[in-house]
Amino acid sequence: MINHTLSCWVIYNGSLTSEKFIDQAEMIKQSAERKNISCEIYKNYELTMEICEGNLRLGVIVDEKQKPDFVIFLDKDILLGRQLEQLGIPVYNPISAIERCDNKAIMYQTLANHGLPIPETIIAPKVYKGFELRDNQYYQYVISRLGFPMIIKEVHGSFGMKVYLIQDEIEFYDKIKELSGISFLFQKYIRSSHGRDLRINVVGDQAVATMYRHSETDFRANVSNGGRMEIYEPTAAQIELAVKCSQIMGTYFSGIDILFGENEEPIICEVNSNAHIRNIYDCTGVWVADYMIDFIINHLEETKNV
Ligand SMILES: Nc1ncnc2c1ncn2[C@@H]1O[C@H](COP(=O)(O)OP(=O)(O)O)[C@@H](O)[C@H]1O
Ligand SMILES: [Mg+2]
């Protein structure tokens, strides 16, 4: 049993000024406080990553505070997360899992070789500025493998903003030109899932909430992109796939996006290590942060980190 009052920091990226980021942090803080955990919310830039006299040091710009018992890391500032972990502070999700999810190419590579259904994907090679790959066979090969329409995804991106549906060769080459210097991948377009997918929130080994998202106006089902939400009872196969993805990625809590195959069979779209929880609450009434906090308390006890 933990025999002292726990303390935590919730860290989010202060350069993302949309209300939804602070809202996410506040929701988690509420759940922590319901369990008598004292909780401070910090923007990533309110903590400094210092290397001083040969040692790592963490400065707190706004207020000198004791190190917390744990951190809930809503940011993708991997270096800050690493600094915290190296200073011995448990970080949820583990920074290695956040790093794997943050880059969609690394995510698909991590999920591969487990026999899971993943859309056929080709990761674009690293090509330095000034080199023209177009004269090469490479792109013709990609087109012959994946056909049109085709999905192009930047490896870093959320809310559907960096995912593109490419109709033909003209759009294909235009997009590649536009993405010069940016990491991206090519992916088979799952036509049967046009404008619809599932979001399953997994905590530990449990699928705690699911919503069906569908858009009448866009191939992307993201709610931030105009998708509508509906309560949905996931099938055993969908749950099994979501939990397995989370385990392979090493996330303690995650939001798994699942596409629908031709026979409605589940196909992995992506794993989010920092799934927002407001929409799923509005849709299902499930307050995912309560599950997250319970998971962390148990995990700290099990790993004797408090
Ligand atoms: N291969 C695909 N085939 C069909 N639709 C896709 C495919 N990949 C993504 N989508 C659609 O685009 C949306 C955004 O893609 P996703 O990979 O989840 O990126 P993001 O991190 O921006 O949410 C998905 O929710 C889904 O509706
Ligand atoms: Mg997504």
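The values are calculated or read from the model by the stated rules, or taken from the named source; none is laboratory data. Quick caveat, the model's predicted, so the values are computed rather than measured. With ideal geometry, Cβ positions are generated from the backbone for all residues, glycine too; neighbour counts draw on all protein chains shown. In case anyone asks, the SASA skips ligands and DNA or RNA and just uses the protein heavy atoms, side chains included. Shrake-Rupley method; radii C 1.70, N 1.55, O 1.52, S 1.80 Å.
Yes or no, residue by residue, for (1) hydrophobic (A, V, I, L, M, F, W, C); (2) open to solvent by 40 Å² or more (accessible area, probe 1.4 Å):
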| position | (1), (2) |
| --- | --- |
| 4 | no, yes |
| 7 | no, no |
| 36 | no, yes |
| 61 | yes, yes |
| 73 | yes, no |
| 76 | no, yes |
| 104 | no, no |
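Beta carbons closer than 7 Å, at least 6 apart along the sequence or on distinct chains, pair a first residue in the stretch 35-61 that is touching a residue at least 12 places away in the same chain (Cβ under 8 Å) with a second that is among the hydroxyl-bearing types (Ser, Thr, Tyr) and not in a strand (DSSP E or B) for 36/5; 38/5.
Would you be able to say whether some residue in the stretch 237-245 is at pLDDT 95 or above, surrounded by fewer than 17 Cβ atoms within 10 Å (Cβ to Cβ), on the phi < 0 side of the Ramachandran plot and not in a loop (DSSP other than H, G, I, E, B)? Looking through the stretch 237-245, at least one residue is at pLDDT 95 or above, surrounded by fewer than 17 Cβ atoms within 10 Å (Cβ to Cβ), on the phi < 0 side of the Ramachandran plot and not in a loop (DSSP other than H, G, I, E, B). Taken over the stretch 174-222, the residue count meeting the criterion of being among the hydroxyl-bearing types (Ser, Thr, Tyr) and free of Cβ contacts under 8 Å to residues at least 24 places away in the same chain is 3. Quick one: would you say residue 29 is assigned by TED's automatic domain parsing to the domain that holds residue 269, of a type in the set (Lys, Arg), in contact with a strand residue (DSSP E or B) (Cβ under 6 Å, 6 or more places away or on another chain) and open to solvent by less than 70 Å² (accessible area, probe 1.4 Å)? Answer is no for this residue.
Any residue at all in the stretch 255-276 that's open to solvent by 10 Å² or more (accessible area, probe 1.4 Å), assigned to a strand (DSSP E or B) and away from ligand 2 (no atom under 12 Å from the Cβ)? Yes, the conditions are met somewhere in the stretch 255-276. Quick check: anything in the stretch 173-191 within 14 Å of ligand 2 (Cβ to nearest atom) and in contact with a Gly (Cβ under 8 Å, 6 or more places away or on another chain)? Looking through the stretch 173-191, at least one residue is within 14 Å of ligand 2 (Cβ to nearest atom) and in contact with a Gly (Cβ under 8 Å, 6 or more places away or on another chain).
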